[in-house]
Amino acid sequence: MKLNKGFSLLELMIVVAIVGIIVTIAYPAYQEYVRDARRTDAKAVIIEMSQWMERQYTVNGRYTNASGADPALPLVKSPKDGPDVVYNLSVSATDDPDTFTITATPDAGGPQNGDRCGGLAITQTGVKTSSGAVADCW
């Protein structure tokens, strides 16, 4: 009576091939999930900044401060906590104190650089846009 005490090389190669196929499919899906999570975090920060601007309008009657300059924003990056910068945030300076556009631009050396959605923006009227190739980023 002969007992098998291990795996044959063929069985091992089949397992390695199956694991390789799974990793080939799963890893890009995971990377896209992480990009979506970073984008969602940036959208939350943009909305928070938009709410802050609306509070400034309520207090001052304009989106700029009393001197006409852009107010000092509480947030300039996303994620707002931690040392990593994925998106750089800015408010457009306009001559009209009744308008603003908040823009989140992927950091040039960051992990979102080359993202399919590109930069994200919102105006004082709530119009949300993206500069990427895909229209459904918001």
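Largest mean-square fluctuation among Ile21, Ile47, Ile102, in a Gaussian network model of the chain whose springs join Cα atoms under 10 Å apart, belongs to Ile21. Using 1/(1 + (r/R0)^6) with R0 = 22 angstrom and r between the beta carbons of Thr101 and Asn60, what's the FRET efficiency to the nearest 0.05? The formula returns an efficiency of 0.75 here. Counting neighbouring Cβ atoms within 10 Å and putting the fewest first, the residues Tyr57, Tyr33 line up as Tyr33, Tyr57.
Note on Ile14 and Asn113: the extension gain reaches 31.9 nm, defined as 0.36 nm multiplied by sequence separation minus the Cα-Cα distance. Could you tell me how many degrees, from 0 to 90 and to the nearest 10, lie between the Cα long axis of helix 9-60 and the main elongation axis, the longest principal axis, of the Cα atoms of the chain? Between helix and principal axis, roughly 10 degrees. Highest mobility in the GNM of the chain, judged by mean-square fluctuation with C-alpha springs under 10 Å and restricted to Leu89, Leu12, Leu120, is found for Leu12.
First check a/c for segment 80-138, with a ≥ b ≥ c the square roots of the eigenvalues of its C-alpha gyration tensor; if it is under 1.5, answer rounded, and if not, answer prolate when a/b is larger than b/c or oblate otherwise. Because a/c hits 1.5 or more and a/b fails to exceed b/c, segment 80-138 counts as oblate. A Förster radius of 41 Å combined with the Cβ-Cβ distance from Ser131 to Phe7 puts the calculated FRET efficiency at roughly 0.20. Rg and Dmax of the chain, both derived from C-alpha coordinates alone, stand at 23.7, 95 Å. For the chain, the number of Lys pairs with C-alpha atoms closer than 30 Å, counting only pairs eight or more positions apart or on separate chains, is 5.
Here each label is just a point 7 Å from Cα along the line to Cβ, and for Trp138 and Ala37 those points are 2.5 nm apart.
Every number here is computed from the coordinates shown, using simple stated rules; none is lab data. This one's a predicted model, so the numbers in the text were calculated from it and none came from an experiment. Cβ: placed from backbone, ideal geometry, glycine included. Neighbour counts: every protein chain shown.
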